[in-house]
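Here is the structure we will look at.
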Amino acid sequence: MDKKILTVQDVSCVGQCSLTVALPIISACGIETAILPSAVLSNHTAKGYGGFTFKDLTDEMPKINERWKTEGIKFDALYTGYLGSEKQISYVKDIIRDCVKEGGEIIVDPAMADNGKLYVGFDDKFVRSMASLCAVADVVLPNITEACFITGSEYKEKYDETYVEELIGKLIALGAKKVVLTGVGYDERSTGVMIYENGETTYYKHKKIPQSFHGTGDVYASAFTGALMRGKSVYAAAKIAADYTVRCIENTVGDETHWYGVKFEPVLKELIKAIEE
Ligand code: PXL
């Protein structure tokens, strides 16, 4: 039977992140994608825009969950991205209990921090709550900063393999079954992902483009989710998502008018091709 997934995150109406990225990318992978918007924002909260509007939809979450429960709606997987509060995380756990099939895949991208810092509006309490969601996940996709916050580890700009292996070990000790640690780079010119699956860590190294764009974490996690749902292994899905994210960035670099996100749409066909190979 065809797979059906649910993704829970905000709608940033413009700015190419969260649901406006997840829905088209996972759908393009050939997977039916239901959405649960946790909030509606005029645009994302990262730098570039002068402000944003915010409509919280937290109170809708348990009502929607109840309705789906009554309808007997069940998903094969749940993928969470940016979530706004501890309460939302608690409602996500209820949704896992009520609306995800037995043995369904729980994919958590703890989108809350980068470059050693938490995003605006998050604090220690939120971090602890996100850590508790990671503990019940089948796959977690943190960057190094998020992994440090989740595991209470010291953040380092420069590190070696031992540091990375330790971070992964702590995520596994927390309860996460598989880990895709993003933005792992040991030299100036390259970056990559460290994947932990079935007791083994494998590194996938790829080129680093010296310009960062907002929303690439969401592009990555969405492409990963799509590929995983199409039956790829965690390693294969992590590699496909990395190659696709690099292509999205390459496709955007040099366009001064496109500073708010990446132009992921024109290269979607490359993602689809990689999944179908
Ligand atoms: O890309 C993560 C993200 C999603 N949604 C909103 C954000 C961010 C990152 O800052 O602000 C509203």
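The values are calculated or read from the model by the stated rules, or taken from the named source; none is laboratory data. The shown structure was predicted, so the numbers you read here are calculated from the model rather than taken from an experiment. As a convention, Cβ positions derive from the backbone with ideal geometry for all residues, glycine included, and neighbour counts pool all protein chains shown. Ligands, DNA and RNA are excluded from the accessible area calculation, which covers all protein heavy atoms including side chains. Shrake-Rupley method; radii C 1.70, N 1.55, O 1.52, S 1.80 Å.
Quick notes on this structure:
- From the list 239, 269, 263, the lone residue that is within 15 Å of the chain's Cα centre (by Cα) and either more than 21 Å from residue 108 (Cα to Cα) or free of Cβ contacts under 8 Å to residues at least 60 places away in the same chain (or both) is 239.
- Test result for residue 276, under 23 Å from residue 34 (Cα atoms) and at pLDDT 95 or above: yes
- With respect to the conditions (1) farther than 19 Å from residue 267 by Cβ; (2) near the ligand (Cβ under 10 Å from one of its atoms), residue 51 falls short on a single one, namely (2).
- Residue match in region 58-77 (condition: within 14 Å of the ligand (Cβ to nearest atom) and either buried (at least 17 other Cβ atoms within 10 Å of the Cβ) or assigned to a strand (DSSP E or B) (or both)): no
- Within region 1-22, residues that are more than 11 Å from residue 214 (Cβ to Cβ) sit with their Cβ atoms under 8 Å from residues that are within 12 Å of the ligand (Cβ to nearest atom) and among the acidic types (Asp, Glu), at 6+ positions apart or across chains, in these pairs: 9/218; 19/10; 22/218.
- Filter pass, residue 92 being under 22 Å from residue 5 (Cα atoms) and in contact with a Cys (Cβ under 8 Å, 6 or more places away or on another chain): no
- Matching residues, region 116-144, being within 12 Å of the ligand (Cβ to nearest atom), farther than 12 Å from residue 83 by Cβ and surrounded by fewer than 17 Cβ atoms within 10 Å (Cβ to Cβ): 117, 118, 120
- Odd one out for residue 89 among (1) assigned to a helix (DSSP H, G or I); (2) open to solvent by 40 Å² or more (accessible area, probe 1.4 Å); (3) within 16 Å of the ligand (Cβ to nearest atom): (2)
- Residue check, residue 192 under 24 Å from residue 261 (Cβ atoms), open to solvent by less than 40 Å² (accessible area, probe 1.4 Å) and out of contact with any helix residue (DSSP H, G or I) (no Cβ under 8 Å at 6 or more places or on another chain): no
- In region 180-226, residue nearest to the ligand (Cβ to nearest atom) [restricted to those that are assigned to a helix (DSSP H, G or I) and of a type in the set (Gly, Ala, Ser)]: 217
- Residue match in region 150-162 (condition: β-branched (Val, Ile, Thr) and farther than 25 Å from residue 237 by Cα): no
- Count of region 45-80 residues which are over 14 Å from residue 136 (Cβ atoms), of a type outside the set (A, V, I, L, M, F, W, C) and in contact with a Leu (Cβ under 8 Å, 6 or more places away or on another chain): 2
- Matching residues, region 12-26, being more than 9 Å from the ligand (Cβ to nearest atom) and either among the β-branched types (Val, Ile, Thr) or over 14 Å from residue 44 (Cα atoms) (or both): 14, 20, 22, 23, 24, 25, 26
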